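*Asks:* Have a look at this one before I ask anything.
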Amino acid sequence: MIELQGLTKRYGEKLAVDGLTCTVRPGIVTGFLGPNGAGKSTTMRMMLDLDRPTHGTVLIDGQHYRQLKDPLRTVGALLDAKAMHGGRSAYNHLLCLAQSNGIPRARVREVLDTVGLTAVAKKRSKGFSLGMGQRLGIAGALLGDPQILMFDEPVNGLDPEGIHWIRNLMKNLAAQGRTVFVSSHLMSEMALTADHLIVIGQGRLLADTSMADFIRQNSRSYVRLRSPEIERLLDVLAGAGITAVTTEDGHLEVDGTESAQLGELAARHKLVLHELSPQQASLEEAFMQLTAESVEYHAHSAPPGGDPRPVAGADAPPDAPPDGGAAPPGGGWGADWRKKKGS
Amino acid sequence: MAVVGQVLQSEWTKIKSVRSTVWTLGLALVVTVALGALISAFTRSNFKEMPLSERVNFDPTFTSFAGMGLGQLAMIVFGVLVVSNEYSTGMIRTSLAAVPQRATFLFSKITVATFTAFVIAMVTSFVSFFVGQAMLGSHRTSIGDAHVLRAVIGGGLYMTLIAVFSMGVAAMLRSPMLSLGILMPFFFIISSILGAVKATKKVAQYLPDQAGHKVMQVVTVGDDAPYGPWGGFAIMVLWVVVALAGGYAVLKRHDA
Ligand SMILES: Nc1ncnc2c1ncn2[C@@H]1O[C@H](COP(=O)(O)OP(=O)(O)OP(=O)(O)O)[C@@H](O)[C@H]1O
Ligand SMILES: [Mg+2]
């Protein structure tokens with residue numbers, strides 16, 4: 001269990017993390033989500049006492065990180081994959097970490113085997129591919145058989161097979177009752193892995209919710225209607241007991257009614273429709289909307305703060321594993337979700 | 001709390017498992033011995049042409065250490081790399097996550113590196129002495145003569161402290177390039193220029209290397225330094241302590 005209390009980090013003028021209070025619980029994978037520069041890595045560095053908080057505290061099972069005896073036996077972390085001396089062999093890299101925390105030498109072989117690096121154990125890590133470096137970093141995190149694991153963007157730069165491997169590893173670790181805290185800036189990735197979500201933007205907490213709740217709240221599919229006779233259409237819908245929301249650009253959005261039913265209703269009343277389209281938005285869009293105001297580094301061509309255009313059936317990433325993992329049901333997106341979030 | 005014994009063992013593994021350590025220390029030994037032997041041989045063949053004052057004040061022990069001026073640069077590289085490698089590779093974050101007590105981490109690392117440097121430095125000093133004396137032929141001295149053993153041990157201590165001083169500076173600056181860019185020219189050129197110029201000589205004799213040289217000398221005629229061999233050595237130790245304290249202060253304060 002990790003508890004953050006009012007965690008704040010200021011770099012000069014820049015407030016990188018702003019009063020973050022939340023709890024990361026054992027037995028589940030907690031996704032730590034935020035756009036680039038949101039403060040995810042900074043928060044994780046403060047959890048490991050690498051960066052000193054400006055205010056606030058982090059407690060690991062009730063203790064400060066630096067009070068832990070042999071911290072690698074309590075917390076294992078993968079920060080960036082290249083946080084190692086390239087001239088040292090994989091085996092020796094892990095050995096010096098193991099020795100510093102009184103972890104038996106035999107454990108080094110074990111974790112090398114777990115991550116599949118036994119064959120290159122004696123090779124210097126300088127020559128490793130991105131994926132191999134990532135695996136070695138993960139071996140370092142697993143070394144002390146810790147109850148708490150932290151991974152900062154572990155799937156960055158990995159091929160689909162590597163992504164699949166890490167995803168299953170994290171789920172297995174959580175299933176063993178461990179605390180698994182993993183950062184990402186991809187909602188689609190988190191939807192497949194995480195049971196709980198902590199979303200931050202510009203250092204501030206935006207959401208702290210279970211994945212199931214997030215999907216439920218953001219999966220309201222709806223039908224979009226456009227008609228030259230908008231007033232009469234509204235009356236007809238009202239008469240049939242169907243609530244419709246008028247959007248800024250003059251569309252109607254209808255919840256919980258099939259498009260077929262709406263089409264038949266319009267036909268019965270001889271209403272001209274210019275559009276009748278079922279809409280579903282991806283969770284990615286819900287996430288983008290949630291963090292829109294806090295995104296620092298916009299791409300100039302497509303500001304994510306603009307009108308989100310729902311795209312049907314875009315909720316699963318193209319690299320979804322064959323087993324589907326914890327893939328969400330067809331996610332939809334509700335116009336009023338932002339109010340529900342109270343953000 | 002990290003257990004110091006474990007951290008020492010871990011730092012020893014770190015030192016052993018990278019090539020730069022082996023080759024910098026090896027280079028320090030080879031360069032110092034070879035250059036000392038060369039200069040000693042050269043001195044013997046040119047002894048008669050040397051001015052009288054130099055012949056009277058001739059210090060065979062210090063002459064056999066003539067390679068240390070260059071060899072110490074390899075010791076500097078060793079001291080700098082051992083510490084700043086952590087920063088330049090990003091290993092520092094992994095290391096401090098494993099050992100969050102920064103004093104334990106830094107001083108364990110420095111203890112192990114110092115011990116390693118000490119062993120090599122002592123071997124270098126003794127080998128330089130014996131090889132140098134052999135080259136000097138009839139102008140040689142013997143380890144049993146007055147102050148000679150002290151000077152040879154002093155040579156090993158001097159080389160060790162140069163490495164430790166570099167570790168402290170590297171811990172302060174955190175960058176290998178910056179540390180080497182300051183230390184190498186300083187010890188190789190600037191210090192000797194300051195020591196040769198009349199106006200700066202009085203101050204320069206308190207610089208770490210010039211103060212430290214005193215303990216390696218047997219003949220000190222015409223030397224007006226206001227300290228003896230161990231006095232000079234103490235001044236050098238003081239520099240080292242300040243550098244280490246500075247290095248620790250930076251590590252303690254700084255985000256990793
Ligand atoms: N050492 C530092 N000095 C100054 N500013 C920093 C430092 N580290 C981070 N920042 C700033 O703090 C903010 C948060 O950075 P951080 O790396 O924590 O974000 P992140 O959520 O991990 O982003 P990404 O998804 O790109 O990895 C950024 O604006 C960054 O520029
Ligand atoms: Mg980051």
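The values are calculated or read from the model by the stated rules, or taken from the named source; none is laboratory data. Note that the coordinates shown come from a computational prediction; the quantities given were computed from them, not determined experimentally. With ideal geometry, Cβ positions are generated from the backbone for all residues, glycine too; neighbour counts draw on all protein chains shown. Just the protein is used for accessible areas: all its heavy atoms, side chains included, with ligands, DNA and RNA removed. Shrake-Rupley method; radii C 1.70, N 1.55, O 1.52, S 1.80 Å.
*Asks:* Just to verify a result, which residue in the range A:239-249, among those that are among the polar types (S, T, N, Q) and in a loop (DSSP other than H, G, I, E, B), is least open to solvent (accessible area, probe 1.4 Å)?
*Replies:* Selected residue: A:Thr247.
*Asks:* While we're here: Based on what the data block shows, is A:Leu149 modelled with pLDDT of 95 or more and away from ligand 2 (no atom under 16 Å from the Cβ)?
*Replies:* When the stated conditions are applied, A:Leu149 passes them.
*Asks:* Of the conditions (1) over 14 Å from B:Met236 (Cβ atoms); (2) open to solvent by less than 20 Å² (accessible area, probe 1.4 Å), B:Ser192 satisfies every one except a single condition; which number is it?
*Replies:* Failed condition: (2).
*Asks:* Let me ask another. Taking B:Thr61 as the residue in question, decide whether it is within 14 Å of another protein chain (Cβ to nearest Cβ) and part of a helix (DSSP H, G or I).
*Replies:* no
*Asks:* Specify which of the listed residues (B:Gly212, B:Gly228, B:Gly232) is among the small types (Gly, Ala, Ser) and surrounded by fewer than 19 Cβ atoms within 10 Å (Cβ to Cβ).
*Replies:* On inspection, the qualifying residue turns out to be B:Gly228.
*Asks:* Only one of A:Leu68, A:Leu33 is away from ligand 1 (no atom under 16 Å from the Cβ) and either among the β-branched types (Val, Ile, Thr) or open to solvent by less than 10 Å² (accessible area, probe 1.4 Å) (or both); which?
*Replies:* A:Leu68
*Asks:* Quick check on the range B:241-256: of everything there that is open to solvent by 60 Å² or more (accessible area, probe 1.4 Å) and without any contact (Cβ under 8 Å) to a residue 24 or more places away in the chain, which residue is nearest to the other protein chains (Cβ to nearest Cβ)?
*Replies:* B:Arg253
*Asks:* Which strands (runs of 3 or more DSSP E) sit wholly inside the range A:184-238 and have at least 3 residues that are touching a Ser or Thr at 6+ places or on another chain (Cβ under 6 Å)?
*Replies:* In the range A:184-238, the matching strands (runs of 3 or more DSSP E) lie at A:196-201.
*Asks:* Does A:Ala77 count as within 25 Å of A:Ser184 (Cβ to Cβ), open to solvent by 10 Å² or more (accessible area, probe 1.4 Å) and within 16 Å of ligand 1 (Cβ to nearest atom)?
*Replies:* yes
Residues checked against (1) within 14 Å of another protein chain (Cβ to nearest Cβ); (2) surrounded by fewer than 22 Cβ atoms within 10 Å (Cβ to Cβ); (3) touching a helix residue (DSSP H, G or I) at 6+ places or on another chain (Cβ under 9 Å):
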site: B:Glu11; (1), (2), (3): yes, no, yes
site: B:Ala28; (1), (2), (3): no, no, yes
site: B:Ala41; (1), (2), (3): no, yes, yes
site: B:Lys48; (1), (2), (3): no, yes, yes
site: B:Ser53; (1), (2), (3): no, yes, no
site: B:Val82; (1), (2), (3): yes, no, yes
site: B:Ser95; (1), (2), (3): yes, no, yes
site: B:Ala98; (1), (2), (3): yes, no, yes
site: B:Gln101; (1), (2), (3): yes, yes, yes
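*Asks:* Let me ask something else about it. Under 9 Å by Cβ, and 6 or more places apart or on different chains, what pairs join a residue from the range A:96-119 that is among the acidic types (Asp, Glu) with one that is surrounded by fewer than 15 Cβ atoms within 10 Å (Cβ to Cβ) and at pLDDT below 95?
*Replies:* none
*Asks:* While we're looking at this one, here's another question. Looking at this structure, is A:Gly137 within 16 Å of ligand 2 (Cβ to nearest atom) and modelled with pLDDT under 90?
*Replies:* no
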